[in-house]
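The values are calculated or read from the model by the stated rules, or taken from the named source; none is laboratory data. Please read all numbers here as calculations on a predicted model, not as lab measurements. Backbone-built Cβ (ideal geometry, glycine too); neighbour counts: all protein chains shown.
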Amino acid sequence: MSPNSVMQRLDIMVENPVCELKHKNPFELLVAVILSAQCTDKRVNQVTDELFKTHNKPKDFIDISTIELENKIHSCGFYHNKAKAIKSASKDIVEKFDGKVPNNFDDLITLAGVGRKTANVVMAVAFGGDNLAVDTHVLRVSNRLGLVNTKEPNKCEEKLCQIFPKNKWSKLHYQMVLFGRYICKAIKPECEKCLFNRECPHSRI
């Protein structure tokens, strides 16, 4: 399946892709993406809807106790590691970046809890960069469509960036996320809604 064909069909199925994590600034987005690891965006939004009412700046997360933060984010799962990462990243942002989330990839990945996926999302969504983040949806969809043959997110990212135009990366990322979330689902893909179903070896039609 050619890259152009993939983009054309995704443009039809996911016309206006947007980040579903609610946020008002780059820092809120960073916290939300850290919380979203192995957690649904819906759950994260429920948690941050309350959390961001009182804690929405790096200093807020430096001052809050670890136990209190863990209690606030408990339902997102892996709350020990996520609380530790958020507090550490907040401290670095204040001490190393003058209280502002860095707007370049290399600085972002020095923050605790920030890997390539998180940095790519922040760069693309908060700063309008050309970045292609690979989460579980993108990895699954890319393999099902035969675009890649790997279970490693970094290798998937590298391959996708090779075959798709750079100025399409950010849009393509969220198209594939939403396509994977609502149509090409992990357990019960809705193949009848999918424009790839005739070529897809995983099609149930």
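If you check Thr48, Thr40 for being more than 23 Å from Asn103 (Cα to Cα) and β-branched (Val, Ile, Thr), only one passes: Thr40. Within the stretch 45-59, being touching a residue at least 24 places away in the same chain (Cβ under 8 Å) and crowded, with 16+ Cβ neighbours inside 10 Å holds for Asn45, Val47, Thr48, Phe52, Asn56, Lys57, Pro58. Taking the stretch 93-205 as the region of interest, the helices (runs of 4 or more DSSP H) fully inside it that hold 3 or more residues being under 30 Å from Phe61 (Cα atoms) and within 16 Å of the chain's Cα centre (by Cα) are 116-121, 169-182.
Within the set Tyr182, Tyr174, the sole residue that is in contact (Cβ under 8 Å) with a residue 12 or more places away in the chain, under 20 Å from Ile12 (Cβ atoms), hydroxyl-bearing (Ser, Thr, Tyr) and not assigned by TED's automatic domain parsing to the domain that holds Phe61 turns out to be Tyr174.
Answer yes or no as to whether Ile205 is in the same structural domain as Asp11 (by TED's automatic domain parsing) and among the aliphatic types (A, V, I, L, M).
Details: in the same structural domain as Asp11 (by TED's automatic domain parsing): no; among the aliphatic types (A, V, I, L, M): yes.
It is false that Ile205 is in the same structural domain as Asp11 (by TED's automatic domain parsing) and among the aliphatic types (A, V, I, L, M).
Of the residues making up the stretch 6-44, those that are of a type in the set (S, T, N, Q), over 21 Å from Thr54 (Cβ atoms) and either touching a residue at least 60 places away in the same chain (Cβ under 8 Å) or part of a loop (DSSP other than H, G, I, E, B) (or both) are Asn16, Gln38, Thr40.
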